[in-house]
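None of the figures in this text is laboratory data; all of them are computed from the coordinates on show. Here the structure is a predicted model, which means the values were calculated and not measured. Quick reminder, even Gly has a Cβ in these numbers, built from the backbone with ideal geometry, and neighbours come from all protein chains shown.
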Amino acid sequence: MRWFRFAALLLVFAILQKGVLARWDHKPDLLLIILVFSAIYLNTSEAIISSFTIGFAADLVGSPIPMGPHMISFGIFGTLLAYLHRVIAIRRMPYQALAIFVIGLLSGVLTHVLAFLIKSEPLSRNIYAAVLVTSLYSGFVGPFLFPPAAWWMGVKIDRFRRR
């Protein structure tokens, strides 16, 4: 894998997440999208390493959540998706959108539960609605960002190949 290109892509997505998209009330999670991309298009060991790295970047970019919950949840669910991808091919756009949505829901809930356990402050009432909306937006936008990300990473996408 080209780690320098991955680091540059991660840096661009993190800057966009924190800078440009921070002004919107409801926005897609670009780091979640790159997490699912790496779990689908990289080999398993590279996907595991990149999942924890993306989680660390999400913690750095993060919100008032303390350091660590994103790295744990992204690492766990990115690893599970990478192993699941060895069994089930997630190559078509609807399946990729569903994978982004499900991983977004699961990792968002786990992140906020871990943050609650670490910080011991009550969660706001609408946190799960925000996780749902963010997962939906990410699921809609994510598959359209996969081809440019694959081009940048030098990964071949065989989306239209029939078996």
Over segment 1-125, what is the relative contact order in percent, taking alpha-carbon pairs closer than 8 angstrom and at least six residues apart? 24 percent
Cα-based Rg of the chain normalised by 2.2 N^0.38 Å, two decimals: 0.99
Dipole of the chain, Cα-centred, from +1 at each Lys and Arg C-beta and -1 at each Asp and Glu C-beta, to the nearest 20 debye? 660 debye
Pick out which of His26, His70, His112 has the largest mean-square fluctuation in a Gaussian network model of the chain, springs linking Cα atoms closer than 10 Å. His26
When the chain is treated as a Gaussian network with springs between alpha carbons less than 10 Å apart, the largest mean-square fluctuation among Gly62, Gly139, Gly19 is found at Gly19
Among Val109, Leu84, Ala150, whose Cα sits farthest toward the positive end of the charge dipole of segment 3-153 (+1 at Cβ of Lys/Arg, -1 at Cβ of Asp/Glu, about the Cα centre)? Ala150
Computed on alpha carbon atoms, what radius of gyration and Dmax characterise segment 1-52, expressed in Å? 11.9, 35
Ignoring chymotrypsin sites (Phe, Trp or Tyr not before Pro) that are buried or in helix or strand per DSSP, and keeping those with at most 15 other beta carbon atoms within 10 Å, what is the longest stretch of the chain between them? 25-159
If you line up the long axis of helix 127-153 against the longest principal axis of the chain, both from Cα atoms, how many degrees apart are they, to the nearest 10? 30 degrees
Can you list the lysines whose alpha carbon is less than 19 Å from that of Lys18, not counting same-chain residues fewer than 8 positions off? Lys27
